[in-house]
Amino acid sequence: MQSENIPRISCVKRILAWFRSLDFTPMYLLIAMVDRWLTLHLQIGGSFIGSTYYNTYTLQAMAWRSGAMHLPYDYPALELAIHQGKYFVSFPPVPSLILYPLTFLFGMNTPDNLLVKLYTLIACLAIYFALRKAEYSKFSAGLFAYFFCFASSMLPMTLNGAVWYHAQVLAFMLMILSIACLAREHITLSLLFYALSVGCRPFDAVYGLPIFCVLLARFIRSRTPLKSAMRQLLPGVIAGLCVATGLAVYNYARFGNPLEFGHNHLPEFSFQGGIQFSLAHVANNLKTFLWGAPLSAGPGGVRFAEFGYSFLIACPMLPLMLVWAIVDLIKKHMHWEKAAVIFAFILHLFLLLLHRTFGGYQLGARYTVDLIPYAFLYLMLSPEKKKLHPAEGALLLIIFLFTCWGVTQVHI
C-alpha cells in the first residue's frame, strides 16, 4: 500500500515545485496598475477605457479613410496647423497608424484612454522581463518596473488618451521596447521600435547616439568582423529608413517640407509672432523645470503648480540616473556607453528646454517623461547593480504617493 502512494506523493511534489517556479509578478503588476487607475478615476472622474475629447489622432485616421490628409474643419482645442487654408494635425502621425484599424470597429469613439493604459502595461512588463533577464530579483525588478511607469509625470498621462499624452506614452513604450530588444540583441526590432518612437516624438532621435554606441561597443568587444556587423545591422537600418522615409513623404505631401510635422504652421508660431524653439526660452524653462517648487501657499491654502515644477521631483528616475553615474565615476565603473547615455540625456533635455511652453498646463514636467528611458538604458548597462537600493525604493515610493495626490489636484 505504501509503495502505491509513493508515485502519488512524488507527483504532488512535482506539481507543487512547478507551481512555486511560476512567476506571478507580472500578474501582481497588472493588479497593482489597474487598482491605481481605478482609484484615480474614481477620484477625478473620466472613463477608464473610453474616448477622449482631444482625439486628434482619431480625426486624422478618419480623414485618411476619406482619402484626405487634412481635417474637414478647425477644432480650436486641438492645436491644428493651418496651411493653404486647410487644417492639418500638427503632430507626427505614428499614433494614427494604431488608431486607423480601430476606427473600423469604434468609429470616432476609439478607446483612447484604454490604449494609453495598454502602452504603459506593455512598457512595465518589458522593463520587468529585461531586468529579470539581467538577474534582478522578482521584487527589485517588479518595483523598478512599476515605478519607472508610475513614479513620474507619466502617471496622469495614463489616465487620458488626449493627443499630447497619447503620443508621449506610445513613444515611451516604443523606446522601452527598443532598449529591451537591444539588451536581448534583437537589433532589427530595436531599431524599428526606435524609428517608430521618433514618429511620435521627433526629439527621440537623440536616442540613436547611445544605441549606436552600445552596438559599436558590442561589436568591438566580440571582435565581430565588419561584414558580419553590417549584415546584422542592415535589416534594422532598412526598417528604420523605411519609417523615416514614410514620415518625410507624409510631411512633404502636407507642407512641402520633409522635416515639417506641422508645429511651425500653428497660428501662434506662423502669424502671431511666437517662436517655437529659441535659446531665449531656456532660462525661463530652467526656472520652472529645474528649480520650480511643486507647491505654493495662497489664500485658498496649499496648491499644486499647474504649469510645471522641477523635473528632479517630477521624474525621480532621472536624478537617480545621475547619482548612478556619479557613483560609477567614483568606483571606476563608468565606460563610454554609459557616458554616451548621460551625454544624450543632457542634449535631449537641452533641446526640450528650447521649447516655448515645455508642455503648458501639466502636473510636474511632462516633457521630461521622454527622458526616462535613458535611465532604463543606463540600468541595463550596469550589470553590477542587480537590485533596488532601499533608499531608492523609499524615494520612488514617496514621489509616487506625492504624484497620486497631485493627479487629484491637476488634471484635464
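So that you can scan it fast, the table gives a plain yes or no per residue for (1) among the β-branched types (Val, Ile, Thr); (2) touching a strand residue (DSSP E or B) at 6+ places or on another chain (Cβ under 9 Å):
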position	(1), (2)
Ile187	yes, no
Ser228	no, no
Gly236	no, no
Leu241	no, no
Asn257	no, no
Asn285	no, yes
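Need a quick list: helices (runs of 4 or more DSSP H) entirely within region 293-412 having at least 3 residues that are small (Gly, Ala, Ser).
336-353, 390-409
Select from region 76-119 the residues that are acidic (Asp, Glu), modelled with pLDDT under 95 and surrounded by 20 or more Cβ atoms within 10 Å (Cβ to Cβ) and list them in ascending order.
none
Might you let me know whether region 53-72 holds any residue that is at pLDDT 90 or above, open to solvent by 50 Å² or more (accessible area, probe 1.4 Å) and of a type in the set (A, V, I, L, M)?
Yes: region 53-72 contains one or more residues that are at pLDDT 90 or above, open to solvent by 50 Å² or more (accessible area, probe 1.4 Å) and of a type in the set (A, V, I, L, M).
Is it the case that Thr52 is under 19 Å from Leu118 (Cα atoms), among the β-branched types (Val, Ile, Thr) and not in a helix (DSSP H, G or I)?
It is true that Thr52 is under 19 Å from Leu118 (Cα atoms), among the β-branched types (Val, Ile, Thr) and not in a helix (DSSP H, G or I).
Of everything in region 341-371 that's aromatic (Phe, Trp, Tyr) and open to solvent by less than 20 Å² (accessible area, probe 1.4 Å), which residue is farthest from Ala126 (Cα to Cα)?
The selected residue is Phe358.
So in region 208-240, with the set limited to residues that are within 28 Å of Met69 (Cβ to Cβ) and free of Cβ contacts under 8 Å to residues at least 40 places away in the same chain, which one is nearest to the chain's Cα centre (by Cα)?
Filtering region 208-240 for residues that are within 28 Å of Met69 (Cβ to Cβ) and free of Cβ contacts under 8 Å to residues at least 40 places away in the same chain, the one nearest to the chain's Cα centre (by Cα) comes out as Gly208.
Quickly run through region 106-119 and pick out the residues that are in contact (Cβ under 8 Å) with a residue 60 or more places away in the chain and in a helix (DSSP H, G or I).
Passing the criteria: Asp112, Asn113, Leu114, Lys117.
Inspect all residues belonging to region 181-197 and state whether any of them is surrounded by 24 or more Cβ atoms within 10 Å (Cβ to Cβ) and either touching a His at 6+ places or on another chain (Cβ under 9 Å) or within 16 Å of Asn55 (Cβ to Cβ) (or both).
Scanning region 181-197, I find no residue that is surrounded by 24 or more Cβ atoms within 10 Å (Cβ to Cβ) and either touching a His at 6+ places or on another chain (Cβ under 9 Å) or within 16 Å of Asn55 (Cβ to Cβ) (or both), so the answer is no.
Give the number of residues within region 120-158 that are outside any helix (DSSP H, G or I) and either among the basic types (Lys, Arg) or open to solvent by less than 10 Å² (accessible area, probe 1.4 Å) (or both).
Counting residues in region 120-158 that are outside any helix (DSSP H, G or I) and either among the basic types (Lys, Arg) or open to solvent by less than 10 Å² (accessible area, probe 1.4 Å) (or both) gives 6.
For residues in region 265-289 being more than 29 Å from Ala305 (Cβ to Cβ) and in a helix (DSSP H, G or I), which is most open to solvent (accessible area, probe 1.4 Å)?
Ser270
So Thr103 fits all but one of (1) under 25 Å from Tyr367 (Cβ atoms); (2) touching a residue at least 40 places away in the same chain (Cβ under 8 Å); (3) among the polar types (S, T, N, Q); (4) in contact with a helix residue (DSSP H, G or I) (Cβ under 7 Å, 6 or more places away or on another chain); what number is the exception?
(1)
Would you check which residues across region 385-409 are open to solvent by less than 40 Å² (accessible area, probe 1.4 Å) and either over 29 Å from Gly360 (Cβ atoms) or modelled with pLDDT under 95 (or both) and list them?
Leu388, Glu392, Gly393
Out of curiosity, is Ser197 of a type in the set (Ser, Thr, Tyr) and closer than 21 Å to His263 by Cβ?
Spelling it out, Ser197 is indeed of a type in the set (Ser, Thr, Tyr) and closer than 21 Å to His263 by Cβ.
Pick from Arg231, Arg254: which is among the charged types (D, E, K, R) and open to solvent by less than 40 Å² (accessible area, probe 1.4 Å)?
On inspection, the qualifying residue turns out to be Arg254.
Test each condition in (1) surrounded by fewer than 12 Cβ atoms within 10 Å (Cβ to Cβ); (2) under 30 Å from Val89 (Cα atoms) for Phe311 and report the one that comes out false.
If we test Phe311 against (1) surrounded by fewer than 12 Cβ atoms within 10 Å (Cβ to Cβ); (2) under 30 Å from Val89 (Cα atoms), just (1) comes out false.
Determine, yes or no, whether Tyr374 is open to solvent by less than 20 Å² (accessible area, probe 1.4 Å) and touching a residue at least 12 places away in the same chain (Cβ under 8 Å).
Judged against the criteria, Tyr374 is a match.
So is Ala205 part of a helix (DSSP H, G or I), without any contact (Cβ under 8 Å) to a residue 12 or more places away in the chain and not hydroxyl-bearing (Ser, Thr, Tyr) or not?
For Ala205, the condition - part of a helix (DSSP H, G or I), without any contact (Cβ under 8 Å) to a residue 12 or more places away in the chain and not hydroxyl-bearing (Ser, Thr, Tyr) - is met.
The values are calculated or read from the model by the stated rules, or taken from the named source; none is laboratory data. Quantities reported herein were computed from a predicted structural model and do not represent experimental measurements. Cβ atoms come from the backbone with ideal geometry, glycine included; neighbour counts cover every protein chain shown. Side chains included, ligands, DNA and RNA excluded: accessible areas come from the protein's heavy atoms. Shrake-Rupley method; radii C 1.70, N 1.55, O 1.52, S 1.80 Å.
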